[in-house]
1. For ASP69, which of the numbered conditions (1) surrounded by fewer than 16 Cβ atoms within 10 Å (Cβ to Cβ); (2) closer than 27 Å to GLY154 by Cβ; (3) among the acidic types (Asp, Glu) fails to hold?
2. Inside region 194-228, can you point out the residues that are assigned to a loop (DSSP other than H, G, I, E, B), more than 24 Å from LEU317 (Cβ to Cβ) and without any contact (Cβ under 8 Å) to a residue 40 or more places away in the chain?
3. Taking VAL152 as meeting all but one of (1) within 18 Å of ILE102 (Cβ to Cβ); (2) under 18 Å from the mean Cα position of the chain (by Cα), write down the number of the exception.
4. Check VAL93, VAL76, VAL50 and return the single one that is within 24 Å of TYR340 (Cβ to Cβ), outside any loop (DSSP other than H, G, I, E, B) and open to solvent by less than 30 Å² (accessible area, probe 1.4 Å).
5. Give LEU348, LEU353 a once-over and let me know the one that is open to solvent by less than 10 Å² (accessible area, probe 1.4 Å) and either among the charged types (D, E, K, R) or under 18 Å from the mean Cα position of the chain (by Cα) (or both).
6. Being at pLDDT below 95 and either touching a Gly at 6+ places or on another chain (Cβ under 9 Å) or open to solvent by 60 Å² or more (accessible area, probe 1.4 Å) (or both) is the filter here, so list the residues in region 21-47 that pass it.
Amino acid sequence: MKSPRRILLATVAAAATTLTSGLGFAASPTINLADPPSSLNTDPMPIQIVDAYPNLRISRPVVLTGAGDGSGRLFVASQTGEIYVFDQQDSEVEEADLFMDINEAVSYKDRENEEGFLGLAFHPKFKDNGKFYVYYTTSERPHVSIISEFSVRGDDPNQGDPRSERELMRIQQPFWNHNGGTLVFGPDGYLYVGLGDGGKANDPLKSGQDVSKLLGSILRIDVDTRTGGLPYGIPTDNPLVGKDKAWPEIYAWGIRNIWRMSFDPANGDLWAADVGQNEWEEVNLIRKGGNYGWSLREASHKFTLGGGKGSGPRPDLIEPLIEYPHTDDWGKSVTGGAVYRGKQTPQLDGYYLYGDYVSGKVWAMKYDKGSQTVTENREITWSHLPVFTFGQTDDGEVLMTTQSGGGRIYKFVAK
C-alpha cells in the first residue's frame, strides 16, 4: 500500500528555514575521552565479551530485539531483508527460524552498505495486535527509505506476513549513506525514527539545521491514530507542531547520522550515538525539541568544512555528553548501544554500553542524572572486531554483534 504522501518527503517548502529550540538545556561540559578530567573513572571494566550463541551465524545482523510479548524470543534482522527468531535462552541454537523475508523488496549492496534493512520495532501491544514496524531501502527505485507496518499471519502468529505491509512513510534520500534507520518505541507508546542528514559529506543540503527537511532529525509519530490524510498520527506535543515551514513529525534535530539509539528501560532516557565526520565521535541524551548542532558543530567543536560558517557554543545547541577523536587509539565510527538493565551481570546495571566500528573497542559509560555528568567510561577488553550493532532483550540483557565470521552475537559476563 502506497502512502498518500508524495514520494519527495525531503522538504515541506523550497525555502529553507532555520529554527532553534530556544529551550536552553543545561548540561555539564562535554567530556573529551582522550583528555578526560581526573574525576572520570577510566579503570578497565572487569567484564568479558563472549559468544552468546557460538553455533549460530546470521549474515549482517543489524537489529537485535525482543518483542515485548513475554515469549522470551530474540528477533535478529539481517541488513539483506530477513528477520530470524529463536529462544533467547537456547545458547546452543544452530539455526534460527525465519520469521519474515522481504529480501526482494530490500536494496542492499556491499558498496552502498548504509542502505538495506535498517530498523525493526515491535508494537507495545504486539502480543494482542501482532503489529511490527520496519525501516528499509526499497528496491523499487534508488535511495528511497520506507517505514512500514506489518502484521503476523492470521493462520500462524509465529510468522510475519509480507503481504500485510501498510506503508507509513516514504523518504527520498539524496545519497546512499547517512540513512540512520533506528526504529524504537518510547515509554509514551510513540514510534521514534532516527534519520541521517542524507549523506555524502559536509551536510551539502544543510539538512541538520533545516526543519523544513525531515533529514537530520529524530521523528516521533503515533502509529495508532491518523492526522488528516496521513497514515499515522502526529503527537500534539511534538515541538514543531504549528511552526511555519517545519515538519511536525520532528522531535529533535541537528543530527548527522545516528547509528543506533535506545531507551533506558528503567527511566525512559533516550540515548543516541551520532557518527562524526572527520574529527569527532559523540554520544548524546536526546531531549524533546533539542538541537544537537550538526552541521554548525561536530560534537563540541565548530564545523566549517563544505563552505559552512560553523558556530561556537550556543545556549540553543546541545553539546554531547562525551566525544572522542578520530585516532587509532579510539576509533572513527561510534556504534550506539543500550543501558544494561539485566540480571545476569549485575555489575553492569545502569551502564551504557557502546563501541566503535573501526577500532572495535567497547566501553561502559556511567551517567549521573543529578549532576548531569558522565562519571565513568571504562573499556571492556575483547578481540576488537568491528562493532556492528547493539540490542536488548525484553529482560534487559544487552547483546552486541559483528558481521565478521559470518555474523555473530555476543553477550557481556563478569570475569
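The values are calculated or read from the model by the stated rules, or taken from the named source; none is laboratory data. From a predicted model like this one, the values you see are computed outputs, not experimental measurements. When we count neighbours, we look across all protein chains shown, and the Cβ atoms used for this are built from the backbone with ideal geometry, even at glycine. These area figures cover heavy atoms from the full protein model, side chains too; ligands, DNA and RNA do not enter into them. Shrake-Rupley method; radii C 1.70, N 1.55, O 1.52, S 1.80 Å.
1. Evaluating ASP69 over (1) surrounded by fewer than 16 Cβ atoms within 10 Å (Cβ to Cβ); (2) closer than 27 Å to GLY154 by Cβ; (3) among the acidic types (Asp, Glu) leaves (1) as the failure.
2. Here is the first cut: in region 194-228, the residues assigned to a loop (DSSP other than H, G, I, E, B) are 195-209, 211-212, 214-216, 223-228.
From what's left, more than 24 Å from LEU317 (Cβ to Cβ): 223-228.
The answer is ASP224, THR225, ARG226, THR227, GLY228.
3. (2)
4. On the way: VAL93 fails: outside any loop (DSSP other than H, G, I, E, B); VAL50 fails: open to solvent by less than 30 Å² (accessible area, probe 1.4 Å).
Being within 24 Å of TYR340 (Cβ to Cβ), outside any loop (DSSP other than H, G, I, E, B) and open to solvent by less than 30 Å² (accessible area, probe 1.4 Å) holds for just one of VAL93, VAL76, VAL50, which is VAL76.
5. Values: LEU348 fails: either among the charged types (D, E, K, R) or under 18 Å from the mean Cα position of the chain (by Cα) (or both).
When all the criteria are applied, what remains is LEU353.
6. In the first step, residues of region 21-47 are kept if they are at pLDDT below 95; the result is 21-29.
Within region 21-47, SER21, GLY22, LEU23, PHE25, ALA26, ALA27, PRO29 qualify.
Quick grid of which residues meet (1) modelled with pLDDT of 95 or more; (2) within 23 Å of ILE31 (Cα to Cα):
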{"position": "GLY186", "(1), (2)": "yes, no"}
{"position": "ASP224", "(1), (2)": "yes, no"}
{"position": "LEU270", "(1), (2)": "yes, yes"}
{"position": "ASP274", "(1), (2)": "yes, yes"}
{"position": "ASN278", "(1), (2)": "no, yes"}
